[in-house]
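Student: Submitted below is the structure of interest, expressed as C-alpha cells.
The values are calculated or read from the model by the stated rules, or taken from the named source; none is laboratory data. Remember, predicted model here, so these are calculated numbers, not experimental data. Reconstructed Cβ throughout: ideal geometry from the backbone, glycine too, with neighbour counts over all protein chains shown. Accessible surface is based on the protein model in full, side chains and every heavy atom, while ligands, DNA and RNA are left aside. Shrake-Rupley method; radii C 1.70, N 1.55, O 1.52, S 1.80 Å.
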Amino acid sequence: MPTPQKIEIIDNLTQKFQASPGIYFTRYTGMNVGQATELRKQFRENAVSYLISKNTLTKIAATNAGFEDKLNDIIQGQIGIAYSSEDPTAPARVIRNFEKDNKDALEVVGLVFEGEIFSAEKYKELANLPTRDVLLAKFASAINQPMSKLASTLSGAMSKLTGVLTNLKENKS
C-alpha cells in the first residue's frame, strides 16, 4: 500500500521529469560525505537541483512522465538525479568540474535531454557547450556587427564628401 509520502515523492519526481529539459542520472558509489557536500554546494551555486530517491519510486515517476520502461537500464544501483529547469546544460558543466578534482566519485550513467534519452558519453559534449548567456551575447554581437560596419562605411564616405566640399569652397573663395 503506497504511503502519502511515497505518492508525494512520485508526483514531485514526475513533475521534474516533465518540466526539466536536462535530467542527468549519476552513480555516486564511492563518494564520501565531504565530496557529497561539495557537489551539492556546486549544484546550488549553478541553480541545479540534485536529489536521491528510491529507484522503484524513480521508475514509477519516469513511467508516469511518459518514459515507460526506457529508463530502467539507467536507474540501477545508487542513483542521484541532477536537473535544472533553467539551463539544461548546467548539470553537465557542474559534474565535469566536480570530476576534475574528484576522480571516481561520481559517474554519469545516462541522461534525458529535451525529452530524448542519451548514453553517458553525451554529457561531455553538453558540458562543453557555452552557457545561454554567452550564446546570447555572441548572437547579439553577430547581429550588431553588419550594422556597425555599415554605419562606419557611411560615416567614412560622408567624412570624405564633407572634406571634398570644404576644399571646393575654399578654392572658390
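Student: Scanning for something touching a residue at least 24 places away in the same chain (Cβ under 8 Å) and either assigned to a helix (DSSP H, G or I) or touching a strand residue (DSSP E or B) at 6+ places or on another chain (Cβ under 8 Å) (or both), does the range 149-165 turn up at least one residue?
Tutor: no
Student: A follow-up question, please. Applying the selection to the range 107-128, what residues are part of a loop (DSSP other than H, G, I, E, B), open to solvent by 40 Å² or more (accessible area, probe 1.4 Å) and over 17 Å from PHE17 (Cβ atoms)?
Tutor: The answer is SER119, GLU121, ASN128.
Student: Here is a check on your reading of the model: is ALA140 touching a helix residue (DSSP H, G or I) at 6+ places or on another chain (Cβ under 7 Å), within 30 Å of ALA90 (Cβ to Cβ) and not hydroxyl-bearing (Ser, Thr, Tyr)?
Tutor: No, not satisfied.
Student: Let me ask another. Would you pick out the residues in the range 50-83 that are hydroxyl-bearing (Ser, Thr, Tyr) and under 22 Å from THR3 (Cα atoms)?
Tutor: Matches in the range 50-83: SER53, THR56, THR58, THR63.
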